[in-house]
1. For N66, which sequence-distant residues (separation of 5 or more, or a different chain) have an amide H within less than 5 Å of its own amide H, given hydrogens modelled in the peptide plane?
2. How big is the dipole moment of the stretch 5-86 about its Cα centre under a simple scheme where the beta carbon of each Lys and Arg is +1, that of each Asp and Glu is -1, and everything else is neutral? Debye, nearest 20, please.
3. Using a 10 Å cut-off on Cβ atoms, rank the peptides 47-59, 22-34 from the highest mean neighbour count down.
4. Give me the one-decimal nm value for the distance between modelled label points at N66 and S4, 7 Å along each residue's Cα-to-Cβ direction.
5. Give me the percent relative contact order of the stretch 5-86, please, defined on Cα pairs under 8 angstrom at least 6 residues apart.
6. Using 0.36 nm per residue, how much length does the chain from A47 to V27 gain when fully extended, once their Cα-Cα distance is taken away?
Amino acid sequence: MSHSKTKTSFYRRIYVAWLISRGINTVPKIINATGMPRRTAQDTLAAIHELAIELANNNGNYTLINWGAVDSHWVEANIDHLKDVLEYP
């Protein structure tokens, strides 16, 4: 099934925030966990704030400060669906 770019972009941002909350918090670690290209990982990190998700960046080590407009309980309950839509391991 094909998903819109809007949906995949939204899910990718949420998924990367979830990874950061689990300690997968650098660009290389995100690339290793997902297989996404470096540029996609960097662009996703740069755009996460558009969902009001707050990250702290300490020399490339990201920390999730606040989920903002995203319900973290929904993310936990639906993480497998996000991974399926994004075709991530």
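1. It is E54, by chain and number.
2. For this selection, approximately 340 debye.
3. Averaged packing, sorted descending, gives the order 22-34, 47-59.
4. Each label point is offset 7 Å from its Cα along the Cβ direction, giving 2.8 nm.
5. Taking the mean separation of contacting Cα pairs over the length of the stretch 5-86, I get 33 percent.
6. 5.8 nm
Readers should treat all values here as calculations from the given coordinates under stated rules, not as data from a laboratory. Since the structure is predicted, the reported quantities are computational estimates derived from the model, not experimental observations. With ideal geometry, Cβ positions are generated from the backbone for all residues, glycine too; neighbour counts draw on all protein chains shown.
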